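Just dropping this structure here.
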Amino acid sequence: MKKTHKFMSLIIMITVQLIVFCGHAISAQPTPLISTPTAVTPWQLYDEMNKAYERMDFAAAIMHGEKLTGQSKINASVYYNLGNAYYRNNEFGKAILNYRRGLRLSPRDEDIRHNLNFTCRIRNEKVWTNFFERTLSYFKTTELLAALIVCSLIFSILWMLYILTTSRSYYWLTLASAAVLIISGTLFFTRWQIFENNTWATVIVDQTPVYSGPGQEYVTSFNIPEGKHVIILGADNHWYAINLPSEHLKGWLEKSNTGIEN
């Protein structure tokens, strides 16, 4: 019984540390830039974008949509409609970029997921590196954090009830809640490590050259098609150091050839 108490006490200590770390991890995320308010309201821009799309003036729809993306508060539908306008304008890289941005705000939106999958198939690109990454994409990091906190509270309550009553029922319920807590913690930290701890970008210019260093004087290592999903490792003036996790390749490309997703 003493060993069990020590094990449960260790779990509680780890739980407290998890909650503290989770709070710091989320609060440490960069605050989005807020643009200066203009005379035109976001609703007017959104309406103009939709009207331009309906009359098949995709260039105008893109113009209004890009203005909307500079607003302090933005809905996933803006990125979805903007992605559609870019797709109809045959700018597939920018379409994929905006679908991915929209998916971060509304991860279970079937329309966004369908159009992202469809456009990536056209470009022969994978949406996700593996099944685990695809599964985690259905949740926001804040949702998994909330689940982790709830599981932590449930575990703590059951553990205290077991200490007070020494009931075998509470003992097994505590063990079960500990298992669920470990699973929820694993999902949260994996999601945070993949999606929040990395800066993701989409290549928006087809056959973008990737160099061995931050400049055109360096050797061209390979070319990247538009729509490719890359991780930003660092920056040097007008250049990004990137990593292609699916191909295990690294190099440098010009910032103007990519769009940041998060």
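Just so you know, all these numbers are worked out from the coordinates, no wet-lab data involved. The shown structure was predicted, so the numbers you read here are calculated from the model rather than taken from an experiment.
When a/c is below 1.5 the answer is rounded, else prolate if a/b is larger than b/c, else oblate, so apply that to segment 58-142 with a ≥ b ≥ c taken from the square roots of the Cα gyration tensor eigenvalues. Mind showing how you got there, number by number?
Numbers: a/c = 2.61, a/b = 1.28, b/c = 2.03.
Note, shape of segment 58-142 comes out oblate.
Let me ask another. What is the gain in length, in nm to one decimal, between residue 126 and residue 222 on full extension, counting 0.36 nm per residue of separation less the C-alpha to C-alpha distance?
Numbers: separation 96, 0.36 × 96 = 34.56 nm, distance 1.85 nm.
Extending this stretch completely gives an extra 32.7 nm.
Thinking of segment 199-260 as a set of Cα atoms, what percent of all their pairs are more than 14 Å apart?
Considering segment 199-260, 45 percent of its Cα-Cα pairs are separated by more than 14 Å.
What would the Debye formula give as log10 I(q)/I(0) at q = 0.18 Å⁻¹ for the alpha-carbon point model of segment 104-262, no solvent?
-1.07
On to the next question. Give me the aspartates and glutamates in straight-line cross-link reach of residue 228: C-alpha distance below 17 Å, same-chain residues under 8 apart excluded.
Within the straight-line cut-off, residue 228 pairs with 91, 125, 133, 206, 247, 254, 261.
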